[in-house]
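Chemist: Handing you a structure now.
Every number in this text was worked out from the coordinates using simple rules, so none of it is lab data. The shown structure was predicted, so the numbers you read here are calculated from the model rather than taken from an experiment. A quick note on method: Cβ atoms are made from the backbone with ideal geometry, for glycine too, and the neighbour counts reach across all protein chains shown.
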There are 2 protein chains.
Amino acid sequence: MRLKGFEKLTNIDEALSTFVKKLKPERLGFERISIQAALGRVTAEDIQAKNDLPPFDRSAVDGYAVRARDTFEASQFSPKFLKLTENEVHENEAREIWTGNPLPKGADAAVMLEYTKKAGGKIEVEIPVTPGGNVSKRGEDVQKGKVAIKAGTRLKPHHLGLVAALGTTYVKVVKKPKVAILSTGNELVELGHKAAPNQIVDTNRLIFSSMCQELGAEPLNLGIAKDNLEEIGAKIREGLEKADVVITTGGTSVGYLDLVPTVVNQIGAPGVIVHGIAMRPGMPTALAILQGKPVFILSGNPVAAMIGFEVFARPLLLKLLGVDSEPRSVLEARLTRRVASALGRRVFLRVSVFERDGKFFAEPVRIKGSGVISTMTKANGYVIIPENREGLEEGESAIVHLFDKIEGAQRV
Amino acid sequence: MRLKGFEKLTNIDEALSTFVKKLKPERLGFERISIQAALGRVTAEDIQAKNDLPPFDRSAVDGYAVRARDTFEASQFSPKFLKLTENEVHENEAREIWTGNPLPKGADAAVMLEYTKKAGGKIEVEIPVTPGGNVSKRGEDVQKGKVAIKAGTRLKPHHLGLVAALGTTYVKVVKKPKVAILSTGNELVELGHKAAPNQIVDTNRLIFSSMCQELGAEPLNLGIAKDNLEEIGAKIREGLEKADVVITTGGTSVGYLDLVPTVVNQIGAPGVIVHGIAMRPGMPTALAILQGKPVFILSGNPVAAMIGFEVFARPLLLKLLGVDSEPRSVLEARLTRRVASALGRRVFLRVSVFERDGKFFAEPVRIKGSGVISTMTKANGYVIIPENREGLEEGESAIVHLFDKIEGAQRV
């Protein structure tokens, strides 16, 4: 008997599209929450403007509200004189106004303070304004009834500002996907427990809980299962009961320790959809469906599992949230040295991007084995080497997907 | 009397450096928290490895642990035969091993499953390995006593993974800066209250609370102060008592409504350090110091205030957190049209970046007045037009600072 690894490795794009076609993931339901608690949540429906914004014509500058025609032909050498009023603005009158203030009745424009002189009860205007000049018209920002924020928007501070300005105080947001996270392996001990020789502290649940939190999902901790079918099966069943998504790490490979895919296929149909992906790291990743829910079976190696999460679990969680796409920031950088790759595999090369003389460079982080977690902390992004390349050349320009900041790239 | 706006506008860099020199901001104190609660927090000290990582020599592959010399000269046509064992590996023996497992006694390398055949109690090895081949050596990832995570690191999932792998369960993180946020203006009403004609819902406290949260600071809500010296003064004093930083919006301009800078100077010395900045939007921004604490006096316009926060409050909050720099993601994009600017002002041009045929373009968002908050939701980044430029040309390449995702730029 010859164990040749996986019989066939599936291409990433094919794996993802097969999986999504079978799973048919739908956006989760919604909940109605206060906008004060909505930072980072995703809108479940379009938010329409219930009123015009601005709600009235208002000054866009500090200065004086005027009738535009009274300023025509004004210049520094031949200023127009306008009488100050505190009420409605009549012919040849002006009224002090500040940015954001409603335009008083009679006025149709504003003159900037800088182009005026004040003397007694009058001002001199040194520049003409056109009707509507320096005025934000009612509804100019958002018109009543129009969509101000689209469904599927992740609410950032500036979105919340707009929502609040519209007088909206509660918003419908998509429920947080619940993600049950299981670590498997006889060698694992709980965080905070002393690892005996040959034991390892389980770090994967903490990593994936955090990654779920960053995405706006709610992690559920399923604990550690020993390498046996019963224990793993019971935990996965518990996860399916409580959560929308199950993620496991460890116990996936090829051969006799391929426990998690085996258990998943025992639990029910369709079970494992794809197992063995043409990627590095992350080759033993498997994608499964049970009870209509996705089960991501990731490598036990933290780094391989993080890449597996990035490539498969992240886009799926975004779909459940109703977010079309939320790509990581990318930038173009030159590789500082040649890197070899394997034809037919998509390689996720961890790199450390730095800036020198206004140009970005990507230094491949030297690794040995996908389990070396410090490669993730030494790196701040990854470069994808496609399946049809045997490597990338020194000096070649590559797209870096950033997951952390770039050292020394301070700019204002 | 001629009101020429500000007598003198201060350059942004000069304003910031004068302010920082007088303030001498220091990193805040620390607190010790569980790593399970540490996502997004900033380390207050270097985290040293208490143990080697990996804690033992372990296999980087699935396959067999062997003595390297027993595989020398192995090939597909002339394989070496090794006897399977479940104990210590002696001469011409091999033991099944999985990624991450400790290397058994006697073995000094691992052979990948793919290059072996199993038959009965033996395996055929088809490829030679060198001593140490496919093995992650003890301490290879992080050596005991070495710094694994530097002070001033914002903890992301991969950092937490490394910290956990080192057996560290509690970390010292910098305390969250407390930021007291005040809105001023007679026209403002609380969120959730009906705005009468000529009134405006206050959005600024929500925006800046959210921006503080995103940075890892703790916002304190000082409410709304009417446009009078007593009320503003009482609120600012309350803020100074409770918080590390005070942010106000509104009531800063030039002339008789310049209330906040006036109050600040009444409260104490040194008071206002800079008032009137050569920037657009955000010209009326003022920077002050009271009781050794920074007071950021921002425009009442949400957009101008957001830019003021970005340029002045954000770097200062990062200093209090002990983070050297945390620049926004940048990318290079071509401007889709010409934009005019004013010499001597640094202009923050809001742009909408999109991707077409693998190239990035930046479409300037059309605006009228800095108060138009939908320009922030239509934009996903800003371009800085420097003081010495009268504008940027169509097709010109510019650095965009991103604050939101790029539509349609899905990549894996």
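Chemist: Could you size up the charge dipole of region A:330-402 around its Cα centre, putting +1 on the beta carbon of Lys and Arg and -1 on that of Asp and Glu, and report it in debye to the nearest 20?
Modeler: 300
Chemist: Got a sec to turn the phi values of region B:230-237 into Karplus ³J(HN,Hα) couplings, 6.51 cos²θ - 1.76 cosθ + 1.60 with θ = phi - 60°, whole Hz, x for Gly and Pro?
Modeler: 5, 5, 5, x, 4, 5, 5, 4
Chemist: Right, here's the next one. Could you state the orientation-averaged shadow area of the convex hull built on the Cα atoms of region B:69-186, in nm² to one decimal?
Modeler: The orientation-averaged projected area of the Cα hull of region B:69-186 comes to 13.4 nm².
Chemist: Calculated FRET efficiency, A:Tyr170 and A:Lys105, Cβ-Cβ r, R0 41 Å, to nearest 0.05?
Modeler: 0.75
Chemist: Follow-up. Once the piece of chain linking A:Asn11 and A:Ala37 is laid out straight, how much longer is it, given 0.36 nm per residue of separation minus the C-alpha distance between them?
Modeler: Gain on stretching A:Asn11 to A:Ala37: 5.3 nm.
Chemist: Just round it to a whole percent: the fraction of Cα-Cα distances in the protein assembly as shown exceeding 55 Å. Each step should come with its number before you reach the end.
Modeler: On the way: 68688 of 339076 pairs.
Tail of P(r) above 55 Å: 20 percent of Cα pairs.
Chemist: Report the residue of chain A with the smallest Cβ-to-axis distance, using the rotation axis that brings A onto B, in whole Å.
Modeler: Residue of A nearest the axis onto B, distance in Å: A:Ser329, 2.
Chemist: How would region A:281-327 be classified by its alpha-carbon gyration tensor: rounded, prolate or oblate, with rounded meaning a/c under 1.5 and the a/b versus b/c comparison settling the rest?
Modeler: Oblate is the answer for region A:281-327, as a/c is 1.5 or above yet b/c matches or exceeds a/b.
Chemist: While we're looking at this one, here's another question. Equivalent ellipsoid semi-axes for chain A, as square roots of 5 times the alpha carbon gyration tensor eigenvalues: give them largest first, rounded to whole Å.
Modeler: 60, 27, 17
Chemist: Please say if region B:330-402 is rounded, prolate or oblate, where rounded means a/c under 1.5 for a ≥ b ≥ c the square roots of the C-alpha gyration tensor eigenvalues, and otherwise the choice is prolate for a/b larger than b/c and oblate otherwise?
Modeler: Oblate.
Chemist: Compute the distance in nm between two label points, each set 7 Å from the Cα along the Cα-to-Cβ direction, one at B:Phe72 and one at A:Glu396.
Modeler: The two pseudo-label positions are separated by 3.6 nm.
Chemist: Another question, then. Could you tell me which of rounded, prolate or oblate describes region A:272-374, using a ≥ b ≥ c as the square roots of the eigenvalues of the alpha-carbon gyration tensor, with rounded for a/c under 1.5 and, failing that, prolate when a/b is larger than b/c and oblate otherwise?
Modeler: Oblate shape, in that a/c is at least 1.5 and b/c is the bigger or equal ratio.
Chemist: Run through the DSSP bridge list for chain A and note the antiparallel percent, rounded to the nearest 5.
Modeler: Antiparallel bridges: around 70 percent, rounded to the nearest 5.
Chemist: Every other copy gets compared here: list the nm distances from the A:Gln266 label point (7 Å along Cα to Cβ) to its counterparts, shortest first, one decimal.
Modeler: Here A:Gln266 shows inter-copy label distances of 7.8 nm.
Chemist: By count of other Cβ within 10 Å, fewest leading, how are B:His158, B:His401, B:His90 ordered?
Modeler: Fewest-to-most ranking of B:His158, B:His401, B:His90: B:His90, B:His401, B:His158.
Chemist: Still on this structure, I have one more. Taking R0 as 25 Å, what FRET efficiency do you get between A:Lys83 and B:Asn198 from their Cβ-Cβ distance, rounded to the nearest 0.05?
Modeler: 0.60
Chemist: Largest first and in whole Å, what are the equivalent-ellipsoid semi-axes of region B:58-136 based on the Cα gyration tensor, each being the root of 5 times an eigenvalue?
Modeler: Each semi-axis is √(5λ); the values are 17, 13, 11 Å.
Chemist: Which ³J(HN,Hα) values, rounded to whole Hz and listed in residue order, are derived for region A:142-153 from phi using the Karplus coefficients 6.51, -1.76 and 1.60 in 6.51 cos²θ - 1.76 cosθ + 1.60 with θ = phi - 60°, glycine and proline given as x?
Modeler: After applying 6.51 cos²θ - 1.76 cosθ + 1.60, I find 9, 8, 3, x, 7, 6, 8, 9, 6, 4, x, 8 Hz.
Chemist: Let me ask something else. What is the spin-label model distance, in nm, from B:Asn265 to A:Leu343 if the labels are put 7 Å beyond Cα along the C-beta direction?
Modeler: Each label point is offset 7 Å from its Cα along the Cβ direction, giving 7.6 nm.
Chemist: Taking the Cα centre of the protein assembly as shown as origin, sum charge times position over the Cβ atoms of Lys and Arg (+1) and Asp and Glu (-1), and report the length of that vector in debye to the nearest 20.
Modeler: 300
Chemist: Order of A:Ser59, A:Ser17 from fewest to most other C-beta atoms within 10 Å?
Modeler: The fewest-first ordering by Cβ neighbours comes to A:Ser17, A:Ser59.
Chemist: Here's another thing I want to ask about it. With the dipole of the protein assembly as shown worked out from charges on the C-beta (+1 for Lys and Arg, -1 for Asp and Glu) around the Cα centre, which of B:Leu162, A:Thr71, A:Gln36 lies farthest toward the positive end?
Modeler: Of B:Leu162, A:Thr71, A:Gln36, it is A:Gln36.
Chemist: Then there's this: Considering only DSSP states other than H, G, I, E and B, which trypsin sites (Lys or Arg not before Pro) in region A:30-131 qualify as loop sites with at most 11 other Cβ atoms within 10 Å?
Modeler: On the way: sites: A:Arg32, A:Arg41, A:Lys50, A:Arg58, A:Arg67, A:Arg69, A:Lys80, A:Lys83, A:Arg95, A:Lys105, A:Lys117, A:Lys118, A:Lys122; in loops: A:Arg41, A:Lys50, A:Arg67, A:Lys105.
Hits after loop and neighbour filter: A:Lys105.
Chemist: Put the label 7 Å from Cα along Cα→Cβ for B:Asn87; what are its distances to the other copies, in nanometres, shortest first?
Modeler: Those separations, rounded to one decimal, come out as 10.9 nm.
Chemist: To continue, here is another question. Restricting to DSSP loop positions (anything but H, G, I, E, B) with no more than 16 other Cβ atoms inside 10 Å of their own Cβ, which trypsin sites (Lys or Arg not before Pro) remain in region B:172-261?
Modeler: Answer by residue number: B:Lys194, B:Lys226.
Chemist: Continuing with this model, one more query. Is there a quick way to get the dipole size of chain A? I mean about its Cα centre, with the Cβ of Lys and Arg at +1 and of Asp and Glu at -1; what is the value in debye to the nearest 20?
Modeler: Dipole size: approximately 700 debye.
Chemist: Further, regarding this structure: Karplus couplings for region A:342-356 from phi (6.51 cos²θ - 1.76 cosθ + 1.60, θ = phi - 60°), rounded to Hz, Gly and Pro as x?
Modeler: Result, rounded to whole Hz: 10, 4, x, 10, 8, 9, 9, 8, 6, 10, 10, 8, 9, 10, 9.
Chemist: Here's a follow-up. What are the nm distances, shortest first, from B:Leu229 to its equivalents in the other copies, labels at 7 Å along Cα→Cβ?
Modeler: 8.4
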